[in-house]
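The values are calculated or read from the model by the stated rules, or taken from the named source; none is laboratory data. The structure presented is a predicted model; accordingly, all values stated were derived computationally and were not measured. Note that we place each Cβ from the backbone using ideal geometry, even for glycine, and neighbour counts take in every protein chain shown.
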Amino acid sequence: MGKALSYALAQWESLEVYLKEPGIEIDTNLVENAIRPTALGKKNWLFFGDADAGERSAIIYSIIGSCRRHGVEPYSYLRDVLTRLPSMTNRQIKDIVPKAWAAASKSTPLRAA
């Protein structure tokens, strides 16, 4: 019991955030469901050829998962973002994350095409 209480006290700051923000999920079911297709195929993807390839794949899967969560078609998103990215600054990146891109594409119908 003492270990459990010590753990809870160590996590107190995080627990307060959860209590103050009702939109935060208490579990990770949404994330687990989003990565399930990747987990099912992981035996097929054990050998990417390069140590960094796994990290790059994880980044791509995260972007695609975020697109799906925000109702964005991944191909359209990647095509648009990858063509604009070379001319953007680091400060503009927040404007092209899938959530922001989805909001912008709703106000500009030609954007999602």
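For beta carbons closer than 6 Å, sequence separation of 6+ or different chains, a first residue in region 62-88 that is closer than 16 Å to Ala103 by Cβ and a second that is part of a loop (DSSP other than H, G, I, E, B), the qualifying pairs are Val81/Ile96. Where residues in region 67-104 are polar (S, T, N, Q) and assigned to a helix (DSSP H, G or I), which of them is farthest from Ile35 (Cα to Cα)? Once the filter is applied, the top-ranked residue is Ser87. For region 69-88, a residue qualifies if it is loosely packed, with under 12 Cβ neighbours inside 10 Å and within 14 Å of the chain's Cα centre (by Cα), and exactly one does: Gly71.
Against the numbered list (1) within 22 Å of Ala104 (Cα to Cα); (2) at pLDDT below 90, Val81 comes up short only at (2). Under the condition of being on the phi > 0 side of the Ramachandran plot and at pLDDT below 70, the residues counted in region 31-76 number 1.
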